[in-house]
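Contents: one structure, followed by commentary.
The values are calculated or read from the model by the stated rules, or taken from the named source; none is laboratory data. Everything numeric in this text was worked out from a predicted model, so none of it was measured. Cβ atoms come from the backbone with ideal geometry, glycine included; neighbour counts cover every protein chain shown. Note: areas computed on protein heavy atoms with side chains; ligands, DNA, RNA excluded. Shrake-Rupley method; radii C 1.70, N 1.55, O 1.52, S 1.80 Å.
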Amino acid sequence: RVPLIIEAPRISPQVIKATVSTLSIAPTVLSLVGITPPLSMIGEDLRPAVLRGEASLAPKPVFASVMHQHMVIRWPWKLIADPTRELFELYNLEADPLEKSNRYDSEPSVAEEMVDLGNDWIETIVAEKDEFQTAVNLGQMRDPRAIPILEKVAQGCDAPLPNRLEAIHLLGEMGAKD
């Protein structure tokens, strides 16, 4: 939970309590200054909520991933999952904002639903139409499915240099072997 303050002309002060992703900051700011965010930009334009209030936001889950850990928030629930180590934590943020009481085992139906949401999100990343972008997405999550594609890009003379460098970087971080 990260508080965010945006000040802009013609925008009234307000508090929006909806759960949103920090990935939505860039497209929102670009839209507020009249620039159309590129289609490749991840995140949602939150300008409707900023201009018309929180009620204009449809409730949606928020996802994040860092290395092997994935996070899903669907208010009031938050799931933290590290499938590589079979570690799962589930918190009711409304009742337990400090995340002290792991409810994963005591709320199996909620846990299953949250795990399914996270798995569906990961599969949308895997389903990218651009094979290299799929590999980058997976590589950033340290998913070994990225390695064959990243190796192909790193070794391919026809791949653009920035893609080759990104592939080499990710392979190095993942500890891929020659």
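Annotations for the structure displayed:
- Protein heavy-atom accessible surface, 1.4 Å probe, per residue over the stretch 66-155: 59 Å².
- Evaluated over the chain, the count of Lys pairs having alpha-carbon atoms less than 16 Å apart is 5 (only pairs 8 or more residues apart or interchain).
- From the C-alpha gyration tensor of the chain, square roots of 5λ in Å: 32, 26, 12
- Rounded to the nearest 20 debye, the dipole size of the stretch 92-178 about its Cα centre is 500 debye, using +1 on the Cβ of Lys and Arg and -1 on the Cβ of Asp and Glu.
- Farthest towards the positive end of the charge dipole of the stretch 109-178, among the residues PRO160, VAL115, MET141, is the Cα of PRO160, using unit charges on the Cβ of Lys, Arg, Asp and Glu.
- With helices as the sole contributors, the chain gives -11000 deg cm²/dmol at 222 nm; each DSSP H run of n ≥ 4 counts as -39500 (n - 2.57), and the sum is divided by every residue.
- For the stretch 1-43, the solvent-accessible area works out to 83 Å² per residue, with a probe of 1.4 Å and every protein chain left in place.
- One Cα centroid belongs to the stretch 75-89, the other to the stretch 19-66; the line between them spans 24 Å.
- Rounded, prolate or oblate (a/c below 1.5 giving rounded, otherwise prolate when a/b exceeds b/c) for the stretch 29-100 by Cα gyration tensor: oblate
- Largest GNM mean-square fluctuation across THR28, THR84, THR134, computed for the chain with C-alpha springs under 10 Å, falls on THR84.
- Percent accessible area from carbon and sulfur atoms, the chain, protein chains only, probe 1.4 Å: 57 percent
- Between ARG142, ARG85, ARG47, the residue with the greatest mean-square fluctuation in the GNM of the chain (Cα pairs under 10 Å linked by springs) is ARG85.
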